[in-house]
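Let me begin by presenting the structure, written as structure tokens, before commenting on it.
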Amino acid sequence: MQFERRRRYTHGINLTPLIDVIFILIVYLMITTSFVHINSIELSIPSQAEEKNREASTTHARIQDIILIDIGAQNIYYLNSVIIGIDELETSIHKLLKNDKDREILIRASKNINVQQLVDVMDMVRIAGGNHISVNHWDEKTSLTSSTSTKGAHP
Amino acid sequence: MNIEFERRARTTRPISLIPMVDILLVLIIYFLLSGSLHSIEILEISPPLAQSGEELTQGPLVIVLGKHDEVLINDELGSVSDIFPLIKAEMLKDKDRVITLKADHRIKASTLIDVMNAIREAGGENLTLATQAL
């Protein structure tokens, strides 16, 4: 007696479900992946006790030692109350910080400027080697007792 | 005269999907390696550009300042005046708590300075300002 031989089906593996899954993964990754690299500037705020000590020690000499950068409303920059171009700012700060990198730098921002302009100046100071940056509002009457200090990029 | 040509047999081979799977897997690996996953933000902000920024060390307390002066404190809508009591309460729990400030580059610097001053007055000491790499 002869049996009919069963035909061997040599179908390939069905890849369609695999492709479906991979497509879903790609769409998920495309939506959730961010190519914008978020960095940060570390800020260290002096505690209130430190601040009080600083205020108490505010002498004429100390005020003179502070590097003052003012950002005016129409993109006018002042370095120690003298108008300065944005291109010269970095080199000038670098020169001022040559002998003492720990000199305090106070950036005062006018009401109309935006965060990007302020961060640009902070960035410049950090690149120039500034360690102690304070930020405050730009107001003629504002005293020099500020505020928020940043830790420099190049201590 | 009647010439009969032999008809060519039609070969209907299925399209091979293997190269496609290869390309898709390469795409997946590319996305995994080149990008970084981020949680979907409630408030889409574009941080200021800075060259000297360092790797972001995001603290447990995040304050977001949106481009229309919205204030988000740990994903909850608030205002600048809410920052002071919240930070004060947080500082009582842990003095060294890191506060991350994410501000849109288009907002007024005075708003940012107001927030910084509020944090300082509340006793916050460790603050990081998010920036975008150039």
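Every number in this text was worked out from the coordinates using simple rules, so none of it is lab data. This is a predicted model, so every value here is computed, not measured. Positions of Cβ are generated from backbone atoms using ideal geometry, with glycine treated the same way; all protein chains shown enter the neighbour counts.
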Q. Which peptide among B:112-125, A:27-40 comes first, and what is the full order, when sorted by highest mean count of other Cβ atoms within 10 Å?
A. B:112-125, A:27-40
(Q) Tell me the angle of helix B:18-34 to the major Cα principal axis of chain B, expressed in degrees between 0 and 90 and rounded to the nearest ten. (A) 10
Q | Normalised contact order of chain B, rounded percent, pairs of Cα under 8 Å and 6 or more residues apart | A | 28
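Over the stretch B:33-120, what number does the Rg to Rh ratio reach, with both radii from the alpha-carbon atoms and Rh per Kirkwood? Please list the in-between numbers first.
Working: Rg = 13.5 Å, Rh = 14.0 Å.
Rg divided by Rh gives 0.96.
Given only helices, namely DSSP H runs of n ≥ 4 each adding -39500 (n - 2.57), what is the per-residue ellipticity at 222 nm of chain B, to the nearest 500 deg cm²/dmol?
Details: 3 runs with 44 residues, N = 134.
Helices in chain B give a 222 nm mean residue ellipticity of -10500 deg cm²/dmol.
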